[in-house]
Amino acid sequence: VNEEDLQVIDLRHSAASKNPKGVPGYSSGDPAAVLDQVKALYAALHDKKLLYGNRTLPQYQDENHFGQTVRLPGKSIADGIMNCLDGAVLFASLLAACDLDPGILFIPGHAVVGWKHSHSPGSDWEFLDITDVVESDFQTALENGRKAYNEFQERVVEVRDLQPREIKEL
């Protein structure tokens, strides 16, 4: 995530012109205002008309590990192409450039980008499927991000609920 990339800063300025209140981060204290900012960021990125380009070969993969090269945000914009992880890193950079707390949720075979509703530690998260920026509107990307997050939550077992089977002495 690189909120200081010049291409990211240019996109942030473009987004500010699309939202009547600009992109002031969490200063308003209103989650709806935060959502308006994210929507403006999405619109600015959508205007770039990036293509979706999936890198099908991972940099490294075995049974328990996976590695993938990620395009830097400016490179994605300059090349006009991204995959889900490139797009998530790019959008997380845009969020950070607006002083919004970004997050990237890695799901097997996919990544979605998120942000907190407020700067408070207990704040709820919202997610976008940024690959939708190629062809879909913000609402579709938001719905697909929420769906991905909800499906992921259904498959997660919280660690605090697990009991150790055996503890061995060293």
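Among Gln37, Ala16, Asn54, which residue has its Cα furthest toward the positive end of the charge dipole of the stretch 1-57, with +1 on Lys/Arg Cβ and -1 on Asp/Glu Cβ?
Looking along the dipole axis, the top candidate is Asn54.
Note down the net charge around Trp115, summing +1 for each Lys or Arg and -1 for each Asp or Glu among other residues with Cβ under 9 Å from its Cβ.
Around Trp115, the charge tally is -1.
Sorted by average packing, counted as other Cβ atoms within 10 angstrom per residue and highest first, what order do 109-120, 13-24 take?
109-120, 13-24
Which lysines have a Cα less than 27 Å from the Cα of Lys147, not counting those fewer than 8 places away in the same chain?
Counting by Cα, and skipping residues close in sequence, Lys147 has these lysines nearby: Lys18, Lys39, Lys48, Lys49, Lys116.
Here, each number is a calculation from the coordinates, and none is a lab measurement. Keep in mind the model is a prediction, meaning the values are calculated, not measured. Cβ atoms come from the backbone with ideal geometry, glycine included; neighbour counts cover every protein chain shown.
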